[in-house]
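Here's the structure, in structure tokens; my notes come after.
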Amino acid sequence: MALHILEFTECSTFEGISKMMLTYPPAIKLAQLPTPIEKLSQLTARLEGPEIYIKRDDYTGIAETGNKVRKLEFILAEAQRLKSSHLITCGGYQSNHARTTAVLAARLGLGCHLVLRNGMSSAMEGNLFLSRLVGAEIQQVTPEEYMHVNDIMQGVALDIKSKGGKAYIIPEGGSNEFGVLGYVRAMEEMDKQLKERSISIQHMVVPVGSGGTYAGLLLGKYLFDLPVAVHGINVCDNEAYFTNKISKLIDKVCKRFSLDLKSAKKEISIIDGYVGKGYGLSSQNEIELIKQVAQKDGIILDPVYTGKAMHGLIDQIRQGRFKPGEKVLFLHTGGIFGLFPKKSLFF
């Protein structure tokens, strides 16, 4: 199968203030960048706490909206370098990552196979609908089967190979050593934007679902020697799980790209307690918060990631963790299509 090569960025070398050298591998320009940073003035006033800013990574595209496309810029460049004909990845039935992978596979002329937990038994809408629309092959598995999803994806790859193709397996959420670099570079982008506006933030808050976005931000903090605390609010599992997972991701990045940044692991900050009913499950409090932010701030949050994370941020402000006089930057990771399967919960 002929590959449709899009424009690649130059391999660039960055020397951070910490004197650590990073040479970015090739990446395909797929996201609409840079995304803006806005002040949430009305939310700031309502809470009477720190100044709240939002990084609009829900603006990275339309069908590609959200944080996953930044990761896939690096991942898909590696897939093309290896002359892959197919992409295989996994996630929940409303996976933003799976939808973004399917859309980008279509743009690049690649086959796409998605292994989704409880996918086909669900209504064909939101992310699931878009994944089907762009031609992805979707395989439904039970929660029990999904515990062995890596083995399942390896089996799909072998089947593709038997038919003359070559598959590239992307882990859940695009969280591997290449995907992490998408948010190292995003931190570089944010640092430039904030300096241009003379804004000094003390805290950054990000939803955590697979760990790759958080790992990239934390590594970017160290590479750029930025005086900001990076906090993740987990939307599934718990603090111990993600501390371990992010530590392993940092180790993989350091090994692959010859970086000495393992000390960054000491500053992993996961704010637990906002998983609620569970991954992809919404409490009425979360739904009401999404409605309130939409109606009073004009910001559309999603029920899986940003709704839970914003709920956590607001609660932590009320508890005094983030104080008046400080500035907090919230990373909007997209996910708007995840709202549509839950529309009956809102009105």
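What follows draws every value from the coordinates through simple rules; no lab data is involved. All values reported here derive from a predicted model rather than from experimental measurement. As a convention, Cβ positions derive from the backbone with ideal geometry for all residues, glycine included, and neighbour counts pool all protein chains shown.
Around Leu218, what is the net charge, scoring Lys/Arg as +1 and Asp/Glu as -1 over all other residues with Cβ under 11 Å from its Cβ?
Details: positive: Lys221, Lys265, Lys266; negative: Glu267.
So the surrounding residues net to +2.
Using θ = phi - 60° in the Karplus curve 6.51 cos²θ - 1.76 cosθ + 1.60, the 3J(HN,Hα) couplings for region 322-327 round to 10, 10, x, x, 8, 10 Hz; x is entered for Gly and Pro.
Each label point was placed 7 Å from the Cα along the Cα-to-Cβ direction; for Phe346 and Asp315 their separation is 2.2 nm. Listed by chain and number, the lysines whose C-alpha is less than 28 Å from the C-alpha of Lys195, apart from same-chain residues fewer than 8 away, are Lys19, Lys29, Lys39, Lys55, Lys68, Lys71, Lys221, Lys262, Lys265, Lys266, Lys323, Lys327. Extension gain for the segment Lys248 to Met124, taken as residue separation times 0.36 nm less the Cα-Cα distance, is 41.1 nm to one decimal.
If you add up the charges near Gly280, with Lys and Arg at +1 and Asp and Glu at -1, over every other residue whose beta carbon is less than 12 angstrom from its beta carbon, what do you get?
Numbers: positive: Arg117, Lys277, Lys308, Lys342; negative: Glu286, Asp302.
Once positives and negatives cancel, what remains is +2.
Give me the net charge for the shell around Pro36: Cβ to Cβ below 9 angstrom, other residues only, Lys and Arg +1, Asp and Glu -1. Summing Lys/Arg as +1 and Asp/Glu as -1 gives +1. Across Glu145, Glu64, Glu172, mean-square fluctuation computed from a Gaussian network of the chain (C-alpha pairs under 10 Å connected) peaks at Glu145.
Run through the DSSP bridge list for the chain and note the antiparallel percent, rounded to the nearest 5.
The answer is about 20 percent antiparallel.
With the simple model of a label 7 Å out from the Cα in the direction of the Cβ, Ala294 to Ser258 spans 5.1 nm.
Only Lys, Arg, Asp and Glu carry charge here, each on its Cβ (+1 for the first two, -1 for the last two); on that basis region 68-173 has a dipole of about 460 debye about its Cα centre.
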